1. Determine whether residue 127 is loosely packed, with under 13 Cβ neighbours inside 10 Å, free of Cβ contacts under 8 Å to residues at least 24 places away in the same chain and of a type in the set (A, V, I, L, M, F, W, C).
2. Find all pairs meeting these conditions: Cβ atoms under 8 angstrom apart; at least six residues apart or on different chains; first residue within segment 152-164 and within 18 Å of residue 42 (Cβ to Cβ); second residue among the acidic types (Asp, Glu) and at pLDDT 95 or above.
3. Determine which member of the set 24, 78 is modelled with pLDDT under 95 and charged (D, E, K, R).
4. What's the total number of residues in segment 1-55 that are of a type in the set (Phe, Trp, Tyr) and in a loop (DSSP other than H, G, I, E, B)?
5. Quick check, is residue 26 under 29 Å from residue 164 (Cα atoms), under 14 Å from the mean Cα position of the chain (by Cα) and not basic (Lys, Arg)?
Amino acid sequence: MKRLILMRHAKSDWSGEALIDHDRTLNDRGRANAPALGNWLRDQAFVPDEVLCSSAVRTQETLAGLNLPGGIKTTITRKLYLASLDQILSLLQRATGNSVLVLGHNPGVGMCADEILATAPDHPQFIGFPTGATLVADFDQDMWSLVGWGKGHPAAFVVPRDLSL
């Protein structure tokens, strides 16, 4: 079995108009939400053994805020910055871990979440996939290269608003 943890970065700061999009940081709410999401991952035993993270500042800050245990294989890549759903799937299909966290951006992450599942979770925020949204999906496959659209089964879905902050 393979497990995907698909996460959209926490809430970012739009006040620094001089920054290019790739360099935007998290805002105060995002900085509070990332540790809460990390606590949720640990409490639910959803800690990944591999991370694929966009190179954007806000995704890397989200990853740091999760406070995941050390020693997790982590790849920071520009290929996930504003990636399409097909680009996300292509990167995932080359993963080597059993439980992989993909940390990226909408619209690609939200579209990927919708397309990779056989059935969507019953949550009113799933379709919009807001900042910090996190899907945990399981696959009855032993190789990521066999994972494809419509093959995942939702194990959990959460948005920061669901968590006690």
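The values are calculated or read from the model by the stated rules, or taken from the named source; none is laboratory data. Quick caveat: nothing in here was measured; it's all calculated off a predicted structure. Counting neighbours? That spans all protein chains shown, and the Cβs are built from the backbone with ideal geometry, glycine included.
1. yes
2. Every condition considered, the pairs that remain are 155/138.
3. Values: 78 fails: modelled with pLDDT under 95.
Just one listed residue meets the conditions, 24.
4. Just the residues of segment 1-55 that are of a type in the set (Phe, Trp, Tyr), to begin with: 14, 40, 46.
Then drop every residue that is not in a loop (DSSP other than H, G, I, E, B), which leaves 14, 46.
Qualifying residue count for the region: 2.
5. Working: under 29 Å from residue 164 (Cα atoms): yes; under 14 Å from the mean Cα position of the chain (by Cα): no; not basic (Lys, Arg): yes.
Answer is no for this residue.
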